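Step one of this worksheet: look at the structure below.
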Ligand SMILES: [Zn+2]
Ligand SMILES: [Zn+2]
């Protein structure tokens, strides 16, 4: 059966690669991925999927379904297609939609002698607002038993964890004044922002060592001869544990209050994005890596222990899920880089689209063909969640 799936995917190679290149050539950002979303949904519709465009308040999100028979496993296939401003497709998201949609159509055409359902979700704005967070809140993903994804990378592997994340915007409101003639009348918003950053530096010593804290000034307050009336900063806090991070967030909020008190200014603290850490499903990771070896994908590496943050974590908190990384750049290459952009339309990237689809199609078949696998995955997921 896997040979049939591989053959069906090879027949689609040029069409999938054309889509990948077209999405690469027209990078779209932050929920405005209209071209990519249209390409992918048209492809799924042409191939017999029932498509809903614009779901959960996201115009470029979509859901596409194919069902055979009644009952059976519901395989979820999720893809992203947003790029990075100023860089373009520096995270390789242009490869995901073609890979996932190719997988979905091959699973339909394979016409297994079993009941099953394939549900494809297009999930916008991963790099910025993380559509999967509100898509879950709006009721998406409840209709799948397992969530599968593909992401290009420097090695072919799976992840064990991801960092929980809280992003903040902090705005201090002071009082402007002439910095030489009447400084006593001013209250500096910039002083408060610098005190806030210093507070984060002192906090750094007293947190668990996987904690990450980074910040930047996102609005510059003006010339030096005017006491700055407004200063805006951005702060990101991360940890592999959401519980640990919640306490770091509480202490950060105290730092902001303290900074405002010291500078005698007002503040606004806006939490922009909250991600939970991924719950691993080791049994699913194993099936995926078995399928990686079976299709001869290059560059198989160890499980990734050190990872960034992703809104896929907010899905894998609710069900067994896994994103396979497929090699298309040299080992050690960082994502969000010019190297990723330069490799975006390479033979290696084109191959990664196909290899990713073969791995995920093979994995889906392993779950569909044996009725006991789904329960094993859920048992494993529940155990990992209890220990997280
Ligand atoms: Zn990224
Ligand atoms: Zn990414």
When every residue in the stretch 287-327 that is part of a helix (DSSP H, G or I) and in contact with a strand residue (DSSP E or B) (Cβ under 8 Å, 6 or more places away or on another chain) is compared, the one nearest to ligand 1 (Cβ to nearest atom) is 313
A careful count of residues in the stretch 139-163 that are modelled with pLDDT of 95 or more and more than 16 Å from residue 78 (Cα to Cα) gives 5
I'd like to verify a number: residues in the stretch 328-372 that are part of a loop (DSSP other than H, G, I, E, B) and within 16 Å of ligand 2 (Cβ to nearest atom), how many?
9
Kindly establish whether residue 284 is within 30 Å of residue 317 (Cα to Cα) and part of a helix (DSSP H, G or I).
yes
Every pair of residues 6+ apart whose Cβ atoms lie under 8 Å, when the first sits in the stretch 30-54 and is assigned by TED's automatic domain parsing to the domain that holds residue 123 and without any contact (Cβ under 8 Å) to a residue 40 or more places away in the chain while the second is surrounded by fewer than 17 Cβ atoms within 10 Å (Cβ to Cβ) and part of a loop (DSSP other than H, G, I, E, B):
35/26
So the strands (runs of 3 or more DSSP E) completely within the stretch 47-159 holding 1 or more residues that are within 26 Å of residue 12 (Cβ to Cβ), in contact with a strand residue (DSSP E or B) (Cβ under 7 Å, 6 or more places away or on another chain) and within 15 Å of ligand 2 (Cβ to nearest atom) are 73-79, 116-122, 146-153
Quick one: which of 203, 190 is modelled with pLDDT of 95 or more, assigned to a helix (DSSP H, G or I), crowded, with 18+ Cβ neighbours inside 10 Å and outside the structural domain of residue 304 (by TED's automatic domain parsing)?
190
Is it the case that residue 173 is in contact (Cβ under 8 Å) with a residue 60 or more places away in the chain, outside the structural domain of residue 372 (by TED's automatic domain parsing) and either touching a helix residue (DSSP H, G or I) at 6+ places or on another chain (Cβ under 7 Å) or within 23 Å of residue 235 (Cα to Cα) (or both)?
yes
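The values are calculated or read from the model by the stated rules, or taken from the named source; none is laboratory data. A quick note: this is a predicted structure, and the numbers were derived from the prediction, not measured. Every residue, glycine as well, gets a Cβ built from its backbone with ideal geometry; the counts of neighbours run over all protein chains shown.
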